[in-house]
Amino acid sequence: MRLLFALLIAVSAALQPGAAAAQELFILRVLGGFFEPKAPVPEPGPSAPAVPGSMPEAQFQELLVNGDLQALNLACVEAASFDFSKRLQLLQARLLTIAPAPQPFQTVLVNANALLSCRAPDAALTVLNRFSPRPGEERDQWLVQRWRAAQAGLHHALAVETLELLAQGNPAALETVALPLKLRDDGSIATRSGLDVLVDHLLVLGRRREAAAALLAGQMPGQPMAQRLKQAVALLSALPLAERDQLLEQALDQAAAAEAWGLAIELLENQRDLLEAEGVVATRPRERLERLSQRVDDAYSLWQLTRQDPQQSERTAQLQQQLRSPRAAGGHASVWTRPSAPAPSSPAQP
């Protein structure tokens, strides 16, 4: 153990001052529960000003000594909402010592969650590192909580590593993982697909090719796939023009299937701009863009007028169906129907 501490001290001395966050994270990951970061020492005096709606000082001091994890978590939420920095420091210190290892898994999760509520993501990582989850659901829950702490602490490399462990070598598996982002005012939880979150972390780290590969690994059809293909094309600037154009065509097919006409127009604009930037005459995407825009505008305007006339209910239904059904006769899908046998000599031509 002495040798390990000596090694850590040597590594710490070699690190530049700007790498302090990486140094702390390195120590946390190597030592886990053996090394606990020192809790901040607040200044003496009242923990917070007497603000209407906040917890009275005497009640807070009692809670700090005798409160359980749930009560401390609620106190963290309140202190954060009032921006009571001193109370947050006191709560963080208490949460680091209230449940020393070993503890049941659910206790570890609740403890880490309370520290996240207290704006202490690195302390939450410390608590999580005290526990080794079992394979299966327990490990998945632990990894999601670890990702929350890594994201809150802006540890993007650790966040990527955590999501890759959660994916188990299959990035597409993250598509159906709804990662919690924040608690809405109505009590519901805002979530986002784990695959898209992984892409965001990779982009922050400048790992554009890996981000594009993750986007192309997605399997969910319709608008999600169209959006990811569109983003992948923007990242793969070194890819041959014909291949990027083909990816946009695939995205257009997915947008058509999902009846996402606004997205389809964006894709046609991207395709036109891509070809023109490469010096290719973009006649076909420009014509398709004009026809689609006109059809959508005309059908929508006429639908807006007829829906206000009770005698036009049948016509209104027809127009609504036209707006929603790309594959029907006269539907918008026909706007970008590709030729069955494109000329091999000019694969980039739309």
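Quick check on the exposure proxy: order Val199, Val233, Val108, Val204 from fewest to most C-beta atoms within 10 angstrom.
Details: Val199 28, Val233 25, Val108 21, Val204 14.
Listed from fewest to most nearby Cβ atoms, that is Val204, Val108, Val233, Val199.
About its Cα centre, region 59-126 has a charge dipole of approximately 100 debye under the convention of +1 per Lys or Arg Cβ and -1 per Asp or Glu Cβ, with nothing else charged.
Percent of Cα pairs in region 212-286 per distance bin of 5 Å, from zero to the largest separation: 3, 18, 29, 25, 16, 7, 1.
Amide H contacts of Leu181 (H built 1.01 Å from N, in plane; Pro and chain starts excluded): Ala190, Thr191, Arg192 sit under 5 Å, all sequence-distant by 5 or more or on other chains. Residue-wise HN-Hα couplings along region 120-127, as the Karplus relation 6.51 cos²θ - 1.76 cosθ + 1.60 with θ = phi - 60° gives them from phi, are 10, x, 5, 5, 5, 4, 4, 5 Hz; Gly and Pro carry x.
Every read-out reported here was derived from the displayed coordinates using simple, explicitly stated rules and does not represent laboratory data. None of these values were measured; they are calculated from a predicted model. With ideal geometry, Cβ positions are generated from the backbone for all residues, glycine too; neighbour counts draw on all protein chains shown.
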